[in-house]
Structure formats: structure tokens, C-alpha cells
Amino acid sequence: MRKRIVVSMLAAITCFTTASTTALADSVTSDMKVAINGKASDLSSNSLLVDHNLYSPYESVAQSLGLAAKWQEDAKTLTLTKEGNTLEMTVGAAVYKINGLSLPTATPLQLIGGSIVAPVRSVSETFGNEVTYNDKLRTVALTSGSQPSLQVFGLTEQQAVIGSELKVAVVALKAGEGYTQAAIDGEPAMDVSKGQPVIFNKLAPGEHKLTVQLVGKDKKPVQPEVKKVINFRMAQASVLVDLDPENATGMRTEGITGDRQGRLYTVDSNSKQLFRIVPETGKAEVLTVLPHPATGLVMDKDGNMYMASGGQEGVILRIPSKVLEGGPFDGSLVETFVSGTVGANGMVFDAKGNLYVSGGANGNVYVVSPSGELKVWASGIVAERKDQLITVNGLDFDKDGRLYIANTSSGEINRVAVNADGTFGKVELFAKDARLYGADGIMFGPNGDLYVCANELNSVVKVSSNGKVTEVAGSPSNQGTLEFPASVHVVGNTLYVSNFDQPRGVNKPNEPGIGASVVKIDLTGK
């Protein structure tokens, strides 16, 4: 079946922590206390911890927050409403709807022990409550203000929105007889309909500003002002090359790298074919068939290519730069650089030419000297989900020589200092966010932003130097431009992303869709 392509942007909601959307979640009775506006809540004695997230029966959540609840048994869908705003959640679904806008979530509605339980934080924040957590007292505090308020979902500050259309959801509370208006770049404002998304079409590439504001019956801003201003950029994403145009599944292209001439490389792990791609034309050619399947790829400073082949044996393959200078070549020219790297996946070089290799589920980082000497560092980074045990995945170094590590299981980016003698310092948490759920391949951009493939959310996000997470691009279904993106290669303001297209998370099932491919994301909007 020929595939069709749908381009859309990704938006996400900040959740309490990351949770599984692909398998039955682990749950235990919660010992946390819950306070609402400073008073003890019945939720304290009626809650569960589901993959470390606070859940409670939806009836209790609705009653505690003053929400109207409607349960549809056939569709397994819950609709919560307040002052014309709606939140629609379906059991086990990786997306929910706020005022009609579909948004990905890491904390879906759950059916546990015969009860429908809802994520307390996600519901609370959707309807304007501030949520804080006191770790020492193990107390969750929900606070609602008494003044009019509004929130914008689907767009964050400095986000790059792919395409020419912007969709957001606006939740306005305590607005009385007033209105909500939205405008782009100072153009005439449009009224926001209750319960409906706000849609702007035909936006030109480049920088833009969204202004959302509460106004009175006279259409003048309420005083004191209730306003949100968000700066964003319209950018472009496209499929650079579809490596299997006649099929939506069947190939597995995980890693991606580039050489000094700007050419790209990826491997189909099933056929073991090594592809070279010319970005200017999207033309792909098969260079050789490898002796082992490969995932992660990286180039050293001299143009030699290294490829990770995991599994229980674990080997690192090497192709000398002179072999790559020409066209297709025989697989016998591919060397085995080192073995004993069980689970080998992500790879990166440090400034001294040492190769660092991630061990996936075993938590190891392998360090290989230029001469091929192998050392193993047990990171101690642990899994958070039983259905996803990969804790050490994508790797990259910042300008200060610290090693950054993607934890796929928990949606975290950790980092660790590497001392002059090659020993490792203490692992520290750099960022943890629902938008990092399924963190896979990572790479720093020229301005210090870390770009991350969040594979199970079909998205690419960036983490700034202070740990702030924002969305870059994504596909909230299995028929988008990004389908289980696994690795990213950054060249200036352009991201090249490999679609691994596995049937997990938002990308389940993985047919139809684009499948094995390389996506180009131009952040300049050109």
C-alpha cells in the first residue's frame, strides 16, 4: 500500500512525571497527602501512584476540583468540563483533547481494579490550578486563584511550529461576561469560541507573536490585564528521502550521521544495508551490506565511520575514510574495531578521540580508546518502567566536556563530568519532562541547545542550557512526518532525523505511514 504523509505540530502538557502509555501501568496505594487551597482533600485517602504519578478515581477528582464529569462506557472516554472548557481523555490513549485540540500525554486515563482513575496533576493544571509538591512532607498542593485567568495549550515560548498552520487551545476561567481574544503579530483579534481550538492559517515562515487576552463586554482589556504573549517561529519539515516508498513497514533505520562533505548515512538493520544520502537532492544509494546489523553511527575527526551492533555479543564496526571516498564497496572492507560492547547503541567521541558507547538496558557506558582498548563504566542509571528498560541511550558532549545521557525509560537527560584521568563524576539530572518521554538519540546544536528524539511521542524537542524543554516538531499520529524518530544529526539550523518507525506509544500501530525515512527540519523557516 502506498503511503500518505500528514504534517502536524506537536504540543504537550507538563505532567507530574513520565508514565507508560503502551502497557499496563504499575500501581500502588498512595501515601501522599493532597491539599486543595490549603485544606485537606479526600484525595489523600483515595489515590494511587501509577508509574510514580498521582491518580484518583475520576469521580473524586471531578468533585474535588468542581468539574462536571461524563463517562462514555462504549468509547471508554471521560469528558470533564468547567465554564465551557473541556478535557476529553480515553483509557490508555496517548493523546487527550483540550477544547477540541489533540495533545499528546504521558499520563493517560487508566482502568485499574475496575475503577477509572485520572491523573491528578494533568487534570488540575488543565483547569487552572497551580500544582506543587513537597517531597519532605509528601504533600501535593493544588491552588486555584480567585481572579480571572487563562492558559494556552499547544504552544510554548520560542517553539518552532512546523508548516503554515497554528492550532492552540485556550482555557479561560472566571471570565464572567467577558471574552477571550487571540491575535497574531498585532493583526485584528479574533474571538475565541468556548470549547473550540483556535486556528490560524497561512502563516509565513519566520518569527511570530501570539497574543491571547481577556476583554470585557466592551471588547476592551479587563483590568488588571489577563494576557499571554508567546513568541514562536514557523519552520519547515519534510521527508528528505523515503527509503522504502512502496511499504509503510519492514525496514529499521535507527542511527544517522554525516561526513565532512555534508553527506548523510543510515543503516537498515534488517537488510544490513548502509545508505548514503545527498541532502541537496535526497538521492540515496546503497554503499554495502554490513557483516552485522547496526544502529548508532558516528564519524571521527578523520572521517572514519563507526557503527554500533548491539545484542549479547556487542561489536563496533569501522569503515576507514578512504573506503567511503568512492561509491559502493564490498562488505569485506568493513572492520571490527572492538567487541564486548553488549547492547551497544548510541555513540559519541570526546575531544581526545575516545569513543563512548551506550549499553542500553544494562546501564553501561563503554569507553574505547583510539587504539581499541575497552573500559566499562556502570552508570547506575535505573529504569522507571518495566515495559521500557533502556536507561542509557543517546550520548553527546557539551562544550565543557560533560557527557549527556538520554534515559529512554524515564524521560530524563542526565549528565556526568568526565575527569582528566578518564574517571566519571557523579551523575546529575539535567532535565526531566513529559516531552522527553522515550528520549533516544541526542545531539547539541551550534548555540548550545540539546536536540532530543522523543521516539514514543513521535517528536523532536530541544533542551536549553538551563534545562528548559520546548517542542520542535512532531506528529501526534502514526501517519506523520516523524514516526518513532530515533536519531538526530544537526547541521547549523537544520536537523536531519531518522525514522525508526517502531509500533510503540503514539506510533502504535505503525502502519500506514511513511516508515523508514530521513526527515529534514529547517529551523530557519526557509
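The values are calculated or read from the model by the stated rules, or taken from the named source; none is laboratory data. All values reported here derive from a predicted model rather than from experimental measurement. Note: ideal-geometry Cβ built from the backbone for every residue, glycine included; neighbour counts use all protein chains shown. Quick note on the areas: whole protein, heavy atoms, side chains included, nothing else; ligands and nucleic acids left out. Shrake-Rupley method; radii C 1.70, N 1.55, O 1.52, S 1.80 Å.
I'd like the Karplus ³J(HN,Hα) series for segment 391-396: coefficients 6.51, -1.76, 1.60, θ = phi - 60°, whole numbers in Hz, and an x wherever there's a Gly or Pro.
Whole-Hz 3J(HN,Hα) from phi for segment 391-396: 10, 10, 10, x, 10, 6.
Could you give me the ³J(HN,Hα) list for segment 228-238, computed from phi with Karplus coefficients 6.51, -1.76, 1.60 and θ = phi - 60°, whole Hz, x at Gly and Pro?
10, 10, 10, 8, 8, 10, 8, 10, 10, 10, 8
Any idea what the dipole of the chain comes to, in debye rounded to 20, about its Cα centre with Lys/Arg Cβ at +1 and Asp/Glu Cβ at -1?
Around 880 debye, computed over the chain.
In whole Å, largest first, what are the principal axis extents of the Cα atoms in segment 127-187?
Result for segment 127-187: principal-axis Cα extents of 47, 34, 15 Å.
Report, to the nearest whole %, how much of the accessible area of the chain belongs to carbon and sulfur atoms, 1.4 Å probe, protein only.
C and S fraction of accessible area: 49 percent.
Between the DSSP loop rule and a limit of at most 13 other Cβ atoms within 10 Å, which GluC sites (Glu not before Pro) in segment 297-372 are left?
Loop-located and lightly packed - GLU313, GLU325.
Please sort by residue number the trypsin sites (Lys or Arg not before Pro) in segment 277-348 whose DSSP state is loop and whose Cβ has at most 10 other Cβ atoms within 10 Å.
Qualifying residues, ordered by number: LYS301.
Would you compute, for the Cα atoms of segment 228-286, the largest minus smallest coordinate along each principal axis and list the three values in descending order, in whole Å?
The Cα atoms of segment 228-286 stretch 51, 30, 19 Å along their principal axes.
How are the alpha carbon pair distances in segment 306-439 distributed across 5 Å bins from zero to the largest one, expressed in percent?
2, 10, 20, 21, 18, 13, 8, 5, 2, 0
Can you list the aspartates and glutamates whose alpha carbon is less than 18 Å from that of LYS76, not counting same-chain residues fewer than 8 positions off?
Those aspartates and glutamates meeting the cut-off are GLU59, GLU88.
If you average the alpha carbon positions of segment 435-461 and of segment 104-127, how far apart do those two centres end up, in angstrom?
Here the two parts' Cα centres lie 25 Å apart.
Name the shape class, rounded, prolate or oblate, that the alpha-carbon gyration tensor gives for segment 233-359, where a ≥ b ≥ c are the square roots of its eigenvalues, rounded holds for a/c under 1.5, and otherwise prolate holds if a/b is larger than b/c and oblate otherwise.
Note, shape of segment 233-359 comes out rounded.
By its C-alpha gyration tensor, with a ≥ b ≥ c as the square roots of the eigenvalues, how is segment 98-144 shaped: rounded for a/c under 1.5, else prolate for a/b larger than b/c, else oblate?
Oblate, since a/c reaches 1.5 and b/c is not below a/b.
Taking amide H positions as placed in the peptide plane 1.01 Å from N, state which residues far from ALA431 in sequence (5 or more) or on other chains have amide H under 5 Å from it.
For ALA431, whose amide H was placed from the backbone, the distant partners under 5 Å are ILE413.
Let me know the volume per residue of the alpha-carbon convex hull for segment 313-378, in Å³.
Convex hull volume per residue, Cα atoms: 101 Å³.
Which value in deg cm²/dmol, rounded to the nearest 500, describes the helix-derived mean residue ellipticity at 222 nm for the chain, given -39,500 (n - 2.57) per DSSP H run of n ≥ 4 and division by the residue count?
Estimated from H runs of four or more residues: -1000 deg cm²/dmol.
Dividing the Cα convex hull volume of segment 42-181 by residue count, how many Å³ per residue is that?
Residue-normalised Cα hull volume stands at 147 Å³.
Along its three principal axes, how long is segment 59-99 when you only count alpha carbons? Whole Å, largest extent first please.
24, 20, 15
May I ask for the percentage of alpha-carbon pairs in segment 154-231 that lie more than 22 Å from each other?
Of all Cα-Cα distances in segment 154-231, 22 percent exceed 22 Å.
Looking at (i) 1.08; (ii) 1.02; (iii) 0.99, which value of Rg/Rh (Cα atoms, Kirkwood Rh) comes from a calculation on the structure shown?
Only one option fits the structure, namely (iii).
Can you tell me the dipole magnitude for segment 86-196 around its Cα centre, using point charges on the Cβ only (Lys, Arg +1; Asp, Glu -1), in Debye to the nearest 20?
500
Please label the shape of segment 69-138 as rounded, prolate or oblate, based on the square roots a ≥ b ≥ c of the eigenvalues of the alpha-carbon gyration tensor (a/c under 1.5 means rounded; beyond that, a/b larger than b/c means prolate, else oblate).
oblate
Among LEU43, VAL192, GLY113, pick out the residue whose Cα is farthest towards the positive end of the charge dipole of the chain, where Lys and Arg carry +1 and Asp and Glu carry -1 on C-beta, about the Cα centre.
Looking along the dipole axis, the top candidate is VAL192.
Using modelled amide H (1.01 Å from N, peptide plane; none on Pro or chain starts), what sits under 5 Å from the amide H of VAL491, excluding residues fewer than 5 places away?
TYR496
Specify the inter-centroid distance of segment 344-379 and segment 307-343, based on alpha-carbon positions, in whole Å.
Each part's Cα centre sits 15 Å from the other's.
Within segment 134-199, which trypsin sites (Lys or Arg not before Pro) sit in a loop by DSSP and count at most 11 neighbouring Cβ atoms inside 10 Å?
Passing both the DSSP loop test and the Cβ count: LYS136, ARG138.
List the residues whose amide H sits under 5 Å from the amide H of SER30, counting only those 5 or more places along or on another chain, with H placed 1.01 Å from N in the peptide plane.
Close amide H contacts, sequence-distant or interchain: SER47, LEU48, LEU49.
Give me the percent of DSSP beta bridges within the chain that run antiparallel, rounded to the nearest 5.
95
Average projected area of the Cα convex hull of segment 387-508, in nm²?
7.3
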